[in-house]
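Please read the structure below before turning to the comments.
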Amino acid sequence: MTEWHFYEPANGHGLAHDPLNAIVAPRPIGWIGSVSAAGVRNLAPYSFFNLLNYKPPLLAFSSNGWKDSVANIQETREFTWNLATRDLAEQMNASAATVASEVDEFTLADLETAASRKIAAPRVAASPASFECVLTQLIKLETRSGEQVDTWLVIGEVVGIHIDRAMLSNGVYQTARAHPILRGGGPGDYFEITDTAKFEMKRPR
């Protein structure tokens, strides 16, 4: 017989740590590069992130609070997404530091940048895959009663994709080859994708 722990989020979870983001996990990381209208570069990871659509390719991340990434994207309407990998985990974590808006997180995390082709926002040079994105929607989230929440959903259309050719095999991108990392639950849980965790299953026709 299953014993259920039930709670209503509005009344608290009653546990040692909020389980919400541990249940919906692991989650891909939105490692977002941007630049302000004044030219200050910014880099920050967001774990509420995902791809939304194929054609046109749309992706989104949400920011709890009005942060530098959101402010920059509102100003310039551009940003990059950069794949966070096991080799880049420490730098990704360093870029999550809460610092003043004039601080360049690329420099803070000791990361070289690479130029984008279609937009001004920089890419993480060492990342094996990066997307160049243009803002399509900036939405302030609401509760079911229509009350606004201090969380901002940023949706961007991917207008350029960079892939390290070493990640390709016979024209097929090899997901595990890059050793991408994903956010788990708890204060600091992450997961790494490897070939040993892979299984194949074809869709029914």
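Each reported figure results from applying straightforward, stated rules to the coordinates on display, with no laboratory input. If you're wondering where the values come from, they're calculated on a predicted model, not measured in any experiment. For neighbour counting, all protein chains shown are included, and Cβ atoms are generated from backbone atoms with ideal geometry for every residue, glycine included.
Within the listed set L52, L43, L15, the Gaussian network model of the chain (springs between alpha-carbon atoms below 10 Å) gives the highest mean-square fluctuation for L15. The stretch between N64 and A125, if pulled fully straight at 0.36 nm per residue, gains 19.3 nm over its current Cα-Cα span.
Spin-label pair R117-R86: with each label point 7 Å from Cα along the Cα-Cβ axis, the two points sit 3.1 nm from one another.
In the chain, the DSSP-assigned H stretches of four residues or longer account for a calculated mean residue ellipticity at 222 nm of -2500 deg cm²/dmol, using -39500 (n - 2.57) per stretch and the full residue count as denominator.
Within the listed set Q74, Q174, Q148, the residue fluctuating most in the Gaussian network model of the chain (springs between alpha-carbon atoms under 10 angstrom) is Q148. Taken about its Cα centre, the range 26-194 carries a charge dipole of roughly 580 debye when the Cβ of each Lys and Arg holds +1 and the Cβ of each Asp and Glu holds -1.
For the range 126-188, what does the alpha-carbon gyration tensor say about shape, rounded, prolate or oblate, given a ≥ b ≥ c as the root eigenvalues, a/c under 1.5 as rounded, and a/b over b/c as prolate? Oblate. Close amide H contacts of T85 (hydrogens built in the peptide plane, cut-off under 5 Å, sequence separation of 5 or more or a different chain): I181.
Spatially close Lys pairs in the chain, defined by Cα atoms under 30 Å apart and a spacing of eight or more places or different chains, total 8. A cut-off of 5 Å between modelled amide H atoms, ignoring neighbours fewer than 5 places along the same chain, links S116 with R123. Across the alpha-carbon atoms of the range 26-194, the computed radius of gyration and Dmax are 15.5, 51 angstrom. Counting Lys and Arg as +1 and Asp and Glu as -1 over every other residue whose Cβ lies under 15 Å from the Cβ of A176, the net charge comes to -2.
One chain, two ends: V99 and T194. Fully extended at 0.36 nm per residue, the span grows by 30.9 nm beyond their Cα-Cα distance.
If you run the Gaussian network model on the chain, springs between alpha carbon atoms under 10 Å, then out of R165, R123, R86 the most flexible one is R165. The Cβ shell under 14 Å around P56 holds other residues with a net charge of 0, Lys and Arg each +1, Asp and Glu each -1.
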